[in-house]
Each structure stands twice: as C-alpha cells, then as structure tokens.
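Worksheet for the structure shown next.
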Amino acid sequence: MIEKVLIANRGEIALRVIRTCKALGIKTVAVYSDEDYNSMHVKQATEAYHIGEAAPAKSYLNQEKILEVMLSSGADAVHPGYGFLSENDDFARLCEKHKINFIGPSADSMNLCGDKMECKAAMLKAKVPTVPGSPGLVSNADEAEKIANEIGYPVLLKSVYGGGGRGIRLVTNDKELQEGFETVTSESISAVGKSAIIVEKFLEKTRHIEYQMCRDHHGNAVHIFERECSIQRRNQKLIEQTPSPVVDDAKREEIGELVVKAAEAVDYTNLGTAEFLRADNGEFYFIEINARLQVEHPISEMVSGLDFVKLQIDIANGEPLPFKQKDLKMNGYAIECRINAEDTFLDFAPSTGPVPDVTIPAGPNVRCDTYLYPGCTVSPFYDSLMAKLCTWGPTFEESRTRMLTALNDMYIQGVETSIPLYKTILNTEEYKNGQLSTDFLKRYDIIDKLTADLKKEKEEKSDAAIAAAIVHSEYFKSRAQTSTANNSNWKYKLD
Amino acid sequence: MIEKVLIANRGEIALRVIRTCKALGIKTVAVYSDEDYNSMHVKQATEAYHIGEAAPAKSYLNQEKILEVMLSSGADAVHPGYGFLSENDDFARLCEKHKINFIGPSADSMNLCGDKMECKAAMLKAKVPTVPGSPGLVSNADEAEKIANEIGYPVLLKSVYGGGGRGIRLVTNDKELQEGFETVTSESISAVGKSAIIVEKFLEKTRHIEYQMCRDHHGNAVHIFERECSIQRRNQKLIEQTPSPVVDDAKREEIGELVVKAAEAVDYTNLGTAEFLRADNGEFYFIEINARLQVEHPISEMVSGLDFVKLQIDIANGEPLPFKQKDLKMNGYAIECRINAEDTFLDFAPSTGPVPDVTIPAGPNVRCDTYLYPGCTVSPFYDSLMAKLCTWGPTFEESRTRMLTALNDMYIQGVETSIPLYKTILNTEEYKNGQLSTDFLKRYDIIDKLTADLKKEKEEKSDAAIAAAIVHSEYFKSRAQTSTANNSNWKYKLD
Amino acid sequence: MNYKIQDIEKSFDGKIVENLGNNDYVIKINDNEHNLKIITMDSKGIEFILDNKYHKAKYLEQSTNEMNIVIDNVPITLNLHTHFDEIVYKNSGGGGTGNAQLALKSQIPGKVVSLAVAEGDTVKKGDVVCTLESMKMQVAVKSHKDGVIKTIKIKETATVAKGDIIAEIE
Amino acid sequence: MNYKIQDIEKSFDGKIVENLGNNDYVIKINDNEHNLKIITMDSKGIEFILDNKYHKAKYLEQSTNEMNIVIDNVPITLNLHTHFDEIVYKNSGGGGTGNAQLALKSQIPGKVVSLAVAEGDTVKKGDVVCTLESMKMQVAVKSHKDGVIKTIKIKETATVAKGDIIAEIE
C-alpha cells in the first residue's frame, strides 16, 4: 500500500496531488528548484526537498536527483503530474527498477504510447481509426515535404515527444514546412531533450474530443466519458467542457468502446487520455494517447463524482476498479478555463513576474486549482498555466453563467491573463450554441470582439474610475509627482 | 419575472442569495446597518442602502425602512434569508400588500407554520405524528409546571417565536422550569419582540432529522431528502449531514410522503423544512416547519445538484417545479460544520472582535459560505455563525476526511472558533459509525476529548514552535520588551 | 534560551548553533540538532523549513516572559526565561492566583441584562452574579469563589468588554 | 480636473462639490452630481459607494499626467491634465510615435535563442529579428518598420527583460 508519495512536479498539479493524498492520509514529498522555495507545493507537502537550479533540466527533469530524494525520503511511490517526466518511459523504468511505485502506466506501455507511430500501428491493428499521415518518422524536412505533397496541405508537423502545444506546427506550404521543421525540432529538444517528427493530414473545422481511459492491473477497463477541448490557440487548449455538445449517449458509447479497445491495444494501466479529432462530417479519428493525468481532468471529476488522483493511487496499489462501465453515470455539465499568464494582444506571448495581489473565485460548484497566492511569482522558467477555473451546473447554461461570474470575480495583479478573452468567448452565440471548432478564435473574429468588449467595459466603469481619481487627486495632490506605490505606510484621515 | 431582489439580511446568507442572483443576471439590493458599512454583502450587491443603527430592531428588523428601500430602489422581490424577518408573517403581508414578490411562503401559510400549536393541530389532522406536549400555549410558569408533571420530565419550554437555539430550554425539574420560563420569555422578546410558550415532552437519545420540502404555486410538491442535524449544543445545530445514517431508501420514501402531506396541510409554497425527532426506537415525530431557507441547505444542494435559491426564485416567479419526485436522485454524502465565533471552553460563550487574518479552505468538493475576509469584524450585534464549511464525497468517509483537511486548513485570527471542537468530533469512532444523538457532546465526553486533542496538537508542533521562537528571540532581542504588533513596517535583512 | 509551552509539562532549551549562509541554519532543541531554512521573515511572522518540513508562524504579541504565536494554524503560548528567571518564578508562587483573586472579570463582551446581587451580598462559588447578552444569547456570569460582594463595577443595560471587571468579591 | 480614459474618446471634468461629513461627499462628473461615500481609503486604494453602488479601486502608479488604477478588477489608465496641458499635448504631436521610433523593444521576457539579422542588414516591417524563448514557447520578435539595422543590443543565450531594447532600426 502506498504510504508516501513523491510528487515529481510543481505548480497547481503538485497541489492537486497533495490535496488527495492529505484526504487519504498519505504522506507527500515535494521537490523544488531554486525558483520554487516560496511556492505553494513546498508549503503544502508533508516534506520538501531542494533538487537544483531553476532550469527544468537542472531540477524537475533531473532523474538522478529525484531518485536520490525518493530513496532518502523513504517515498514508496511517485506521482509525475503532467509535463516534465510524466511521459518519460526511462524515468518510469528507473522507478520500476528501484521498486518505487510509479503512479501511471508501465514503462513499456508508456514507451509504446509515446512512440506516436508504433501507437498508431497498434490502433490500426485494433481497428481504431487514425488520421492519414506519414507511415513512420520522417528523417528530414525534405522527406516531410514529399509526404505533405502526397497527402495534401495543410499538414501538421509533430514531434513525437511534444505535447501541450509545443513541438507541433501547422504548415500550409513548402516554405512554412521547411521553417517549421526546425522550430519543432528545437522546441522539442529544449523541452524534453529529444525530437523525432511525423507528418499528419490537418483536418479543417475539426473538433478536439478526448476520452478519459481507465484500466486496472486486472484487465478491467472503462472510459469515463469525453471532454471537448476545441477552443484552442496554436494547438494549445484554452477551454474544455464535458459533455461535448456533439456527443449523444449512443455516440458516447460507440467511441467509448473504441477507447477501451485502444487501452487494451497498448496494455495501458492507470488513467490516461485517448485524443480524437472529430471531422465536420462526424467521423472520429484517433490521434494519440496522453499517458498521464490530463490538465483538464477536473471537469471529468465534476461530472463523474470521482476523485481521479485517488483512483490513480488505488490502481497503482493493485486494486481492481470499484465500478463497471454501467455504474458510471454522467451528471451535469462542467467547463474549464485555463487561466494563462499571457498577453492575448501580443499573439499570446508569455507574461511573467511578481503577483502582489490575487483574488481566487470560490462558491458552490466553482473549483479553482491554482498555485497563485498574494505575493507569489509567475516564473519564466515554467509553463504559463497559472490556474484552472472550473464550474459545474445541472444544465450547460448554469455552468456557463457560473463561469462568467467566476471570471468576473478573478483578479491577478502584475501579469497579463487570458481572463478577458474567456469572458468574450463565453458570451458569443457560437459558444452558447456549441458551434465549436479548433479554429474557433479565428473563425469568429474573437480578438476583435475582445477589443470591443474591453472598450465597453471601460465605458461602463468610467464614472467610478473618475470618482476614484477625483478622490485621489484631491487628497494626494502634494504627492502627485511620485509613485504612490512607495507611500504604502501612511493613511489619510478622512474627516 | 423577478429582475431585482432586495435581500433583507446580512452575513453569509445575503452573500449566498447574491451569488445565485448574479449567475441568473438578476440585480441585487443590499441593506446595511451602521455596523455593516464594510461588510461583504454591501460590496457584492448591485446596489446597497443604509437602513439604520447596529441593533437589529433599528435596522434589519425595521420593516418600514426596508419597505422604503424596496420602493425607492425599484426592487420587485425580497429574499428574507433566515432569522430577522424571514418568518415574520406581518412582513410577508406588507410585501404582498405592496405587490413585492416575497420569496417564501404566503403570509397566511407562514402564520400557520409560525403558530406552533395551530401547526401541530394541522399535522394531527393530516395524520403526521407529533411529539406529546401542551395542547396549546401555556400562560404562565405554573401552568407549564402542571403539564410537565402530567407528561413527565424532562420537558422542553419553547417560545413559538423562537428558533436557532434561542427561546428554548430543556428543564428537568420544577425549579429549572420556573427559572427557564423567564429566560425563554426574555430571549424571545429580545430576538423577535414577542413570546408565547409551549411545553413539549423531551425525548432522550433522539436524533434530529429534517426534510427539505418544496412546493410550487400549482400544488406540485416534493421532498428533497433529509438532513441529520443531531450534533448540537444547547439545542443549536453544530454539524449536519445528508443522508442520515439511519434513513434508508424505504424510510426516506415513507417519511418523505408525510413531508409532502405536511406541506399540503399548511398550503406551503416555496422551500421550507419539516423538522422531526427520531426516537431511539425508530419512530419519527414532526416538531415544526421552518418557513424559510435553512442555514444547512448547502448539503442538500450538494447531494441533489440543485441550486435552492434559484429554485426559490423560480417558484416565486410562479413557474411549476421542473421535476417530479422520481426525477430526484440522491448523489453522494455531504457534511456541514457551522463555524461559530464562540469559546467551547467557556460554555460556548460568544467571541467577537476584529479578524485581521483569515484563511478560507477551498478545493474540489469543498464549499465555504462565509462573510469573513481579512480585516473584517465579527459583530456582537448579530449571531455567531461566521462560516458554513461543507464537503461532499462519493462515500461518507471521503466526505469526512475531506472535512478534516478543510478544518485543518481553516484559520480565523482574533476570535475563538468551534473549529477544534469539530476536528475532535469528526475523529471519534462514534461519529464515524453514525452513532448520533442530540446529546452527542455530553454522551461521549467530547469536551474532555477536545482538551486532550489540543494538548497533543501542541506537543506535535512544539519543535516548530520553539524554532520559530528561537529565530524571533535571536533577531529581535532588542525589541523583546515591546509588542511586535506595532513594529509592522520594518523587515529584517537576514544575511 | 529556555522555553516552556503552555499546557505541556516539558521545557525546551533552544539556540542557533550555526549560520550556514543562504538563509540556512543549524539549531539545537534540547539534545537534537535540526536544519532550518528561512523562506521569509518579518516582524509579523516567519516561514521556514525545519528538517524538510515547511512551517508558518505568526508572531502575535510578546511581553518580557511570554510570547504568543500561531504555528501552522495552532495557537501556542510560550514562556521565555533564562534559568535564573525560572528559579525566581517558581519561588514566587507564580501562576497560581486562584482563590486569592479579587476581581470577577467578564470572559465575553456583552450587554448587562440583569444584576442578581447587590453590594454586601454573600455569594457562593457558582452563584449567578449577573446576566449578559451577546449575539442574541443570554449568558450567566457566575462567582469564581465564595465571598462577599465588595463592589459592583457594572450597571444594567451597560455594555462590558471582554476582561472588564464585573465585581470585586472578598 | 480634466480626465481622459485611455481607449475611450470622451473627456471627463470631475470635482468634489461638497463634503457632507461622515465620509459622505457630493461629486460632479461633467454635468451630473453623484453621491459618494468613502468606506476605506489609503494610498494604495479606495473602497467607496457611488450612488448606492459599491466600487473598489487600487491605485497602481501615477506620473504627472497619467494614473493607472484597477477599478472593480478592470485596469484603466487615466490621463490627467488641466485644459492648458491638453492644448500643449495636442500640439506636440504627443501619443503618436509610430514610424519615427528607433528602438525595437521586447514585449516579453525571455532567453535569446537565435538572431536572424546582423548590423547593417536591411529589414522590412514584419521580418524576424530574433527568436526568444519564454515558458518553453519560442516567440519571434519582428521588426516594427522598414529600415536598416543600426545596432543590435542583445546576444544569443542572453536573457532579456520586458521592455529591453533588442535593436535600433533606422
């Protein structure tokens, strides 16, 4: 039985794992880099160990150092979170070798899932439909170009070690392909230290729909419904929801059965995700398996009532699944907005720095998984996801309006965020009606709508803003030349 | 259709109502006393109006003033919350007269429910069993003593205008009865301005189990399951949970049918609660109807997936219930702990004052309804409920451990709280096993257990406490004679 | 420095043994050495890692001999004294005021609803002296000892704060 | 005082008309009078009720003519000037720097992955000047105008902060 879990990760996902462990009475071991002394996961864990410099390669990707902490802290299991070492089969194998329970699939299964080509081959064999593309890895840009011309542009260049929007580029002609090949290669090497590229047909007006897979060590497998993750920018998910507006009970069951087959085809154990593209004609194509807990798992927790981290730990402990497919019932509607530190108007460029103040929304059926607290810092060394804001409702509309209220309540000082963008998206008729596609932002001119919304918001607040300015000007006239930020310790007596 | 709701209340319940109105796009009007300028409900409402002095009689009970604000603000409905005017049929009638939609039962129905004797008579007629006691009001202590001797001690003295643990006393002999009669009278007069007393048999080792009633203006009525509220002190609820460990599906249905009959017997509309005592032999006795939204409604929301305030507004709008009894399914287990400002070791005496710092627990399936924020004040003018901490889980055990984690995470500086008490209760074998009764605290020597737990906690933290003290002593030696609280603006450079 | 934690019958000797730089220290509590890393510190509180475990303390108030802190949400009162202080403290009968105490103090804030005694009355320990109302609850204040009411310091309808003297009882 | 809100084509005249005491004021914005009650105020921010509606503002930073506030979570930049200031401002061509600007500044912090140009190169608006990496994303920095690279201010593998000059383009 797992009694002490080392979490080989940081940020909100480390906190997520700690939360369940606490509830189960399992001890937790946090690891942290120079950049993370003052981070929440260090504060919440039972124990915390320093593992190196800020750059991921020197800390969160340093397998030897993490192993050393596992052994010295007496952890009997490791949770890899997502990103970093979560889909690194060498690391999973290292854990297996040292009899540390890796909470995830076996190293062999992970290796098979991670090799996008072998995985695709396994799916074809199991009669799970996949997207047309290169039959295997392409060794250079010219070979990629040749295949692209065979299957027809647009195509996707994907590093088989990529993920989360990195190591992937959409290219529409030979010139873009040549440039993109280099970028994908270097991004992948920078993120995980290696790269290998495949070419895939890019389907237009597609929806990204993924299924939660769940399989134990006794061969029991279920799917825990789908998530639609079509609202994206640069192939990175922004908003997810479940159920998908285009998946009815019959479709859910039909694709769900394929998902169980997919899990069996790669001998997958623990929780994972099978990603599909849904073409505009309603066909589903398997893309890949994410061999880890997904960023967007909370919305599936909300509609299933299950604690996925608990389920992961139970499976890792060798317990059989406590339910069968027919016991799982989908309850209500959930939405997740990924609150990123990025500037929507600067082509989603990262925005980093200290966060002096933050307001986290709360309330019934609002869940916010975040590492933010007043006084924390958004580091340029790690990814831009600051918070996952999720809402649930018995109807989609209740879930949507609850999300809008929560987005209005959320405030993060010091960095640009994607909050205003999401308010605009959630207010469009297209989003309300479920007309989703992976090019949603471009298709419906969302950035222009955002600009108009922001202006309108300022107009609505103008009287209040002027009132605040009047009071400031009247009372602080003498200080008008200097920044008020430095005068933080005096207080004006009003009457 | 309701478009603007005045909330004739304060504290967490005002915030609760505002939250749903926001999600539904309904405007809100807050009212506040001199004591509440800086309170959360003022900040969260669309509009806020000052209505008088701190004492409830001069503000939150001032019907004329509140009516004036309703008319001047253009509110078309009023939500009374709980306490204050919520069960005052004169106020409900005043609203009816001015065509303001009172979100609750009709004044006539409220009057009938509020008259505990008439209500009891209506129940007997509808064949809903009630507790033995005085056939009507008792006019003085001597008459009460006579009846007490007929039905046998112990008996309860209850003001028919009481509620929430006030205006009620358990007495076990003639002397206590004589004293208690005066106290109940004066408490009731002080709280609601009037008093009228009944005598009721006190059943020992009873459980307090109540049912959520729900009935629309078209005569459709359902119950939304039970809540067990047996963990009490001085007849005031401390911890509630749903489902009750002693109510199975058959019992739920059996009593549920009585509840629907009870609602019909008093022509009840909107949400309300039918309270029962369950004797140790399994018999249920109707006690009274609470003609309002109950403090502990969140746990029923958690297991039903419904938003009760939305349901109240829909019913007030004249809409028919959107479900039938068979559509309602109970999902999982929920617990509520009432976080009170009180000193457990001083016989639960109130504790008031400024709250410089507060930490509100959050996370999946944790809900905390509260008016607290860092820098707020717990006022001696109003009741001691600061926060309602609720957790949900697919199993009772998950809900319980989640509550323990949340209680550990919660911190309220400046006042004594019931948090440590709840940690002790939730850790007892009796609580885990569902051996609940209204005399739980006394029966299982909870206060002694709490004393021992607190000592143990201090022992566990002693090394860390000493470490913190050492650093403080070393670095702040020169300031040791003065309070550090005043030196808040300097920062020691460590190296 | 020597410390005592209120409600625990144990005393603690504690000191900093070494400053390792970079906010790392070695401290000694009784016979055990511990590694301490300070994350943040100011006059109001400290965040630190003690032997790979994070802790957060708030410093609430301090007098010469006493320090109130909240460590990981647990309020703790520490008595601080050199060994010399301790000897003096023990010999003075410090700590046990008990029956000698004259003043009956209110443990809660509230409004005086009624007075049950008059000056000169004889009371037994546990007798009701007055009734206060706070948060709509009526709470009886009872005598802490047998004695005679020397003076009454409050009036009906007046408001008392926590710690205010209600009466002096001899 | 006269105010402009950035991105809104409207100017606002605002002043306090009367101090009613007890933190209540009458203010005038353009031709309309409003009731203002201040709940809390210090140099960092203000909480107030304007015509029965609560608002909360943070004062972030202020120079002579500009003030950055966050009102009800909405960031707003106000330009402050007397009417005289406004005339001067308009006549100086203030605001529109556009094509005249020499320096290409980084809008994000990051590490320089590669340089795409050398000093003396001719670039068109939109040409890639360098690639930065931040949060594992590679972001191309593009020329803001047609011109010739006069100087390059950064090196490969170096770290740049937001606002740092990358190159000067004439």
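The values are calculated or read from the model by the stated rules, or taken from the named source; none is laboratory data. Source: prediction; values computed, not measured. Every residue, glycine among them, receives a Cβ derived from its backbone with ideal geometry; neighbour counts consider all protein chains shown.
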Exercise. Of all residues in the range B:10-26, which are outside any helix (DSSP H, G or I) and either hydrophobic (A, V, I, L, M, F, W, C) or under 21 Å from B:F84 (Cβ atoms) (or both)?
Worked result: B:R10, B:I26
Problem set entry | Single unsatisfied condition, A:L238 versus (1) among the hydrophobic types (A, V, I, L, M, F, W, C); (2) at pLDDT below 95; (3) under 30 Å from A:F381 (Cα atoms) | (2)
For this session: Enumerate the helices (runs of 4 or more DSSP H) found wholly within the range A:33-122, keeping only those where 3 or more residues are in contact with a strand residue (DSSP E or B) (Cβ under 6 Å, 6 or more places away or on another chain).
Result: A:40-44, A:63-73
Exercise. Which of the residues belonging to the range B:53-67 are over 25 Å from B:G318 (Cα atoms) and more than 25 Å from the chain's Cα centre (by Cα)?
Worked result: B:E64, B:K65
Problem set entry | Residue list for the range B:1-45, filter: of a type in the set (S, T, Y) and touching a residue at least 40 places away in the same chain (Cβ under 8 Å) | B:T20, B:S33, B:S39
Exercise. Among the residues of the range B:190-208 satisfying the criterion of being in a loop (DSSP other than H, G, I, E, B) and in contact (Cβ under 8 Å) with a residue 40 or more places away in the chain, which is farthest from B:V246 (Cα to Cα)?
Worked result: B:G193
For this session: Tell me which residues, restricted to the range C:108-140, are over 20 Å from B:S188 (Cα atoms), crowded, with 16+ Cβ neighbours inside 10 Å and within 11 Å of chain B (Cβ to nearest Cβ).
Result: C:I108, C:P109
For this session: Might you let me know whether the range B:388-404 holds any residue that is within 12 Å of chain C (Cβ to nearest Cβ) and among the aliphatic types (A, V, I, L, M)?
Result: no
Seminar exercise, completed: Per the filter on the range D:37-51, residues touching a residue at least 12 places away in the same chain (Cβ under 8 Å) and either under 20 Å from A:K458 (Cβ atoms) or more than 7 Å from chain A (Cβ to nearest Cβ) (or both) are D:K37, D:I39, D:G45, D:I46, D:F48, D:I49, D:L50, D:D51
Seminar exercise, completed: Screening A:D448, A:D463, A:D453 for residues that are acidic (D, E), surrounded by 15 or more Cβ atoms within 10 Å (Cβ to Cβ), out of contact with any Lys or Arg (no Cβ under 9 Å at 6 or more places or on another chain) and modelled with pLDDT of 95 or more leaves only A:D463
Exercise. Quick check: anything in the range A:198-206 modelled with pLDDT of 95 or more and not hydrophobic (A, V, I, L, M, F, W, C)?
Worked result: no
Exercise. Which condition number in (1) of a type outside the set (S, T, N, Q); (2) within 20 Å of B:M213 (Cα to Cα); (3) in contact (Cβ under 8 Å) with a residue 60 or more places away in the chain is the one that B:L170 fails?
Worked result: (2)
For this session: Consider only pairs whose beta carbons are under 8 Å apart and that are at least six residues apart or on different chains; among these, list those whose first residue lies in the range A:452-475 and is more than 7 Å from every other protein chain (Cβ to nearest Cβ) and whose second residue is of a type outside the set (G, A, S) and not in a helix (DSSP H, G or I).
Result: A:L454/D:D7; A:Y475/A:Y492; A:Y475/D:M41
Exercise. Any chance the range A:367-383 includes a residue that's among the small types (G, A, S) and farther than 30 Å from A:E53 by Cα?
Worked result: no
Exercise. Among the candidates C:V129, C:V113, C:V141, which residue alone is within 22 Å of the chain's Cα centre (by Cα), outside any loop (DSSP other than H, G, I, E, B) and either at pLDDT below 85 or not hydroxyl-bearing (S, T, Y) (or both)?
Worked result: C:V141
Problem set entry | Matching option when the condition is under 24 Å from A:F440 (Cβ atoms) and among the aromatic types (F, W, Y), among A:Y333, A:Y371 | A:Y333
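Looking at the range D:1-69, what strands (runs of 3 or more DSSP E) fall wholly within it and have at least 3 residues that are over 25 Å from B:G375 (Cβ atoms) and not polar (S, T, N, Q)?
Working: elements: D:2-5, D:11-21, D:24-29, D:32-42, D:45-50, D:53-62.
Because the criterion is at least 3 residues that are over 25 Å from B:G375 (Cβ atoms) and not polar (S, T, N, Q), the strands (runs of 3 or more DSSP E) in the range D:1-69 that meet it are D:2-5, D:11-21, D:24-29.
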For this session: Considering each of B:E187, B:E150 in turn, give the residue that is of a type in the set (D, E) and modelled with pLDDT under 90.
Result: B:E187
Exercise. Within the set of pairs 6+ apart or on separate chains, which have a first residue in the range A:101-125 that is among the basic types (K, R), a second that is surrounded by fewer than 20 Cβ atoms within 10 Å (Cβ to Cβ), and C-beta atoms under 6 Å apart?
Worked result: A:K120/A:T130
Problem set entry | Those residues of the range C:1-20 which are at the interface with chain B (Cβ under 7 Å from one of its Cβ atoms) and either at pLDDT below 90 or under 30 Å from B:D453 (Cα atoms) (or both), in sequence order | C:M1, C:Y3, C:I5, C:D7, C:I8, C:F12, C:G14, C:K15
For this session: Only one of these is more than 10 Å from every other protein chain (Cβ to nearest Cβ), more than 28 Å from A:P374 (Cα to Cα) and of a type in the set (A, V, I, L, M, F, W, C): A:L24, A:L6, A:L85. Name it.
Result: A:L85
Exercise. Going through the range D:57-71 one residue at a time, which ones are surrounded by fewer than 19 Cβ atoms within 10 Å (Cβ to Cβ) and within 7 Å of another protein chain (Cβ to nearest Cβ)?
Worked result: D:E61, D:T64
